[in-house]
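Structure, as structure tokens:
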Amino acid sequence: NSIVNSQPPEKQQAMHLCFENLMEGIERNLLTKNRDRFTQNLSAFRREVNDSMKNSTYGVNSNDMMS
């Protein structure tokens, strides 16, 4: 929750959704199928967060250039 709150307000909802998707379909056990699903979710989570950060960085840079 503190990670989500540390994001700019316009990014918080997307970040919250990333965390929800991370645990989607995950059960609290160590079965191989469950671990594989978590690994897939984690890869998607990483991609989504990285994309979000890139978009945020580009937005800041383009605003700085216009000032």
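Identify all residues within the stretch 28-55 that are free of Cβ contacts under 8 Å to residues at least 12 places away in the same chain and of a type outside the set (S, T, N, Q); write none if there are none.
Answer for the stretch 28-55, where residues must be free of Cβ contacts under 8 Å to residues at least 12 places away in the same chain and of a type outside the set (S, T, N, Q): R28, L30, L31, K33, R35, D36, R46, R47, D51, M53, K54.
Taking the stretch 43-67 as the search range and keeping residues that are surrounded by 12 or more Cβ atoms within 10 Å (Cβ to Cβ) and aliphatic (A, V, I, L, M), which one is modelled with the lowest pLDDT?
This residue is M53.
If you check every pair at least six apart or on different chains, which have Cβ atoms under 9 Å apart with a residue in the stretch 14-26 that is assigned to a helix (DSSP H, G or I) first and a residue that is at pLDDT 95 or above and exposed (fewer than 15 other Cβ atoms within 10 Å of the Cβ) second?
C18/A44; N21/A44; L22/L42; L22/A44
The values are calculated or read from the model by the stated rules, or taken from the named source; none is laboratory data. Values in this document were obtained by computation on a predicted structure and should not be read as measured data. When we count neighbours, we look across all protein chains shown, and the Cβ atoms used for this are built from the backbone with ideal geometry, even at glycine.
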